[in-house]
Every structure is written in C-alpha cells, then in structure tokens.
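Chemist: Please find one structure pasted underneath; my questions will follow.
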Amino acid sequence: MDLFNSKDHWLYFASANLPEFDEYAYNVMNMESSNLVRILRGAHCRTERELFHEFSAALQFPYFFGNNWDALLDLLVRLSWYRFEGIVLLISDTDEVLVDEEASFGTLLQVLEQCASIWSSDIDIYGGKRSHYIPFRVLLHSTPSQEMRAWERLDMAGFARKARTLSELG
C-alpha cells in the first residue's frame, strides 16, 4: 500500500513477523527515494531516554538536541539538513515503545500527530507560504502475537481510531 495515497491519514498500523516488516521497510526505503524514510526500533525505545536516542540516531539530529518532547517536536518539524518530498517513520515492535514509561506513549503519539499537522499546513514553521504539501507518515508495527497489546496501548492513548490498518505489507 502506498502510504502517500491519502492526505487525511498520517498514522498506520501493520501486524507482521519482524522479517516481513524489515523487508517491507527496506522496500519502502528503496521505492520512496524522494522521501525521507527512517526505521526506528521499538525494542530500543523502552524509556524516554532510549526513545530520544533512537530518534536522534535514526534522523541524525544535531548535537544540540535537548532529549525532551519539545526538542523532539522542534527537530521533527524542521529536518532542514535533509531534502525530501515526504517523511515516513517506520516504528517496529510498537508494543515495546515506552513500555517502561507507559504514560509517555500517548505523549509520543501526540508529538507525531502535531508533526503531521504542521507538515501538512500551507504555512511553514517560519510563517512563510509552503510551496507544496509535505506528507508525514508513521507506520507502527507489531508482531501478530503482540498485536492485541499494541492496539490496547493505542486505544489507551486515544489513537486507536486514528490509525489506519495496513492489511498486507507489500
């Protein structure tokens, strides 16, 4: 499925074995060469500290990244060190993301939703007119054995109804 078909959706969910997800992720990276595509390993994001480190490494944040939610939002809506037509964040093992700091999972989704809103706006973060729409997409992954847990976490965070399911990776 093309993650850029709909302007209205930014959050997607897929259940697949990890090798299938990895293959899908690398296919997206190869097919979407004009887009910034990054894989974040959910198993490496069990705490806020680990999550900030994983985002920083995957997106090559500058040295001044503040390792907090405001700084994450600030850099995710800038990304001026890249050239791209769209942004795709592929997050594996959603059931592991912030599992040691459960209350922060909703905060992460709120930050990502704000990013999607800002990138889809006609006005850029500096107040200038954006020349074109820039899609921001997040694909959350879970293995089939953890799918129910991942959906429960999305529901508890208030995002289950906002996620569109990818029934098949490919």
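Chemist: So which residues in the stretch 77-102 are at pLDDT below 95 and among the aliphatic types (A, V, I, L, M), if there are any at all?
Modeler: Hits for the stretch 77-102 are 77, 79, 87, 88.
Chemist: Got a sec? Which of 95, 74 is among the acidic types (Asp, Glu), out of contact with any helix residue (DSSP H, G or I) (no Cβ under 8 Å at 6 or more places or on another chain) and not in a loop (DSSP other than H, G, I, E, B)?
Modeler: Being among the acidic types (Asp, Glu), out of contact with any helix residue (DSSP H, G or I) (no Cβ under 8 Å at 6 or more places or on another chain) and not in a loop (DSSP other than H, G, I, E, B) holds for just one of 95, 74, which is 74.
Chemist: Report whether or not residue 61 is touching a helix residue (DSSP H, G or I) at 6+ places or on another chain (Cβ under 9 Å), assigned to a loop (DSSP other than H, G, I, E, B), open to solvent by less than 50 Å² (accessible area, probe 1.4 Å) and not aliphatic (A, V, I, L, M).
Modeler: yes
Chemist: Follow-up question, since we're still on this one. How many residues are open to solvent by 50 Å² or more (accessible area, probe 1.4 Å) and farther than 22 Å from residue 28 by Cα when one looks only at the stretch 97-117?
Modeler: 7
Chemist: If you don't mind, there's one more thing I want to ask. What is the residue count in the stretch 140-166 for residues that are in contact with a strand residue (DSSP E or B) (Cβ under 8 Å, 6 or more places away or on another chain) and either free of Cβ contacts under 8 Å to residues at least 40 places away in the same chain or outside any helix (DSSP H, G or I) (or both)?
Modeler: Of the residues in the stretch 140-166, 9 are in contact with a strand residue (DSSP E or B) (Cβ under 8 Å, 6 or more places away or on another chain) and either free of Cβ contacts under 8 Å to residues at least 40 places away in the same chain or outside any helix (DSSP H, G or I) (or both).
Chemist: Mind listing whichever residues of the stretch 21-44 are surrounded by 14 or more Cβ atoms within 10 Å (Cβ to Cβ) and farther than 17 Å from residue 95 by Cα?
Modeler: 23, 24, 25, 28, 29, 32, 35, 36, 37, 38
Chemist: For the stretch 118-139, name all the residues that are open to solvent by 30 Å² or more (accessible area, probe 1.4 Å) and either in contact with a strand residue (DSSP E or B) (Cβ under 6 Å, 6 or more places away or on another chain) or of a type in the set (Ser, Thr, Tyr) (or both).
Modeler: 120, 121, 126, 131, 133 - these are the residues of the stretch 118-139 that are open to solvent by 30 Å² or more (accessible area, probe 1.4 Å) and either in contact with a strand residue (DSSP E or B) (Cβ under 6 Å, 6 or more places away or on another chain) or of a type in the set (Ser, Thr, Tyr) (or both).
Chemist: Since residue 89 meets every condition but one in (1) touching a helix residue (DSSP H, G or I) at 6+ places or on another chain (Cβ under 9 Å); (2) outside any strand (DSSP E or B), which condition does it not meet?
Modeler: It is condition (2) that residue 89 fails.
Chemist: In addition: Give me the residue from the stretch 80-96 that is within 16 Å of residue 36 (Cβ to Cβ) and either surrounded by 19 or more Cβ atoms within 10 Å (Cβ to Cβ) or hydroxyl-bearing (Ser, Thr, Tyr) (or both) and, out of that set, nearest to the chain's Cα centre (by Cα).
Modeler: Only one residue fits best here, namely 89.
Chemist: State whether one or more residues within the stretch 8-18 are over 16 Å from the mean Cα position of the chain (by Cα), crowded, with 20+ Cβ neighbours inside 10 Å and of a type in the set (Gly, Ala, Ser).
Modeler: Yes, that holds for at least one residue.
The values are calculated or read from the model by the stated rules, or taken from the named source; none is laboratory data. Small disclaimer: the values here were computed from a predicted structure and weren't measured. Please note: Cβ atoms are built from the backbone with ideal geometry, for glycine as well, and neighbour counts cover all protein chains shown. Just so you know, the surface numbers come from the protein's heavy atoms only, side chains and all, with ligands and any DNA or RNA stripped out. Shrake-Rupley method; radii C 1.70, N 1.55, O 1.52, S 1.80 Å.
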